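First the structure, in the form of structure tokens, and then the observations on it.
What follows is calculated from the coordinates using simple rules that are stated; it is not laboratory data. As the structure is a computational prediction, the values presented were derived from the model and not from experiment. Positions of Cβ are generated from backbone atoms using ideal geometry, with glycine treated the same way; all protein chains shown enter the neighbour counts.
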Amino acid sequence: MRIGELARRAGVSTRALRYYEQQGLITARRAANGYREYSEADLRLVTEIRSLLTVGFTLEDARPFVACLRAGHESGASCPESVEVYRRKLAEIDGEIHTLLTRRAEVAAQLGAACPGCMFGPPPDRNEGES
């Protein structure tokens, strides 16, 4: 398939595909006329990359998953290197959650000091009282 069809089927832009190629994540074969040509395997790679990017992974994080698929595994997550990326990412997210909870507690304490007796918690539902 040509680049436009791969882009359409994967839900990405042709520019993104060229960038993935430039980064060494996918490899296009060239037709006699110079057009890029891709296979179903390339579609699987791009789908894996996009799903990882969607949940906050970087292109660099995606490399072990791509390598795992290229090695013939059914899932890009079935190789030890991919599992390690998952572990690192979870640790990173846990750190971000800890930082946010600490910041929230500090802001809540400041609000409590500024407004003793004020109720605070989640914001009220904006749709309450509307018909």
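In terms of surrounding Cβ atoms within a 10 Å radius of their Cβ, Tyr38, Tyr19 rank from fewest to most as Tyr19, Tyr38. Distances between placed amide hydrogens fall under 5 Å for Arg2 paired with Tyr38, all partners being 5 or more residues away or on another chain. At full extension, Gln23 and Glu84 could sit 19.8 nm farther apart than now, given 0.36 nm per residue minus the alpha carbon distance. Over 27 Å apart: what share of the alpha carbon pairs of the chain falls there, rounded to a whole percent? Summing the P(r) tail past 27 Å for the chain gives 46 percent. Test of understanding: given the chain, find the longest segment containing no GluC sites (Glu not before Pro) that are in a DSSP loop and have at most 13 other Cβ atoms within 10 Å. Result, exposed sites excluded: 1-73. Placing dummy labels 7 Å off each Cα toward the beta-carbon, the span from Thr47 to Met119 is 4.9 nm.
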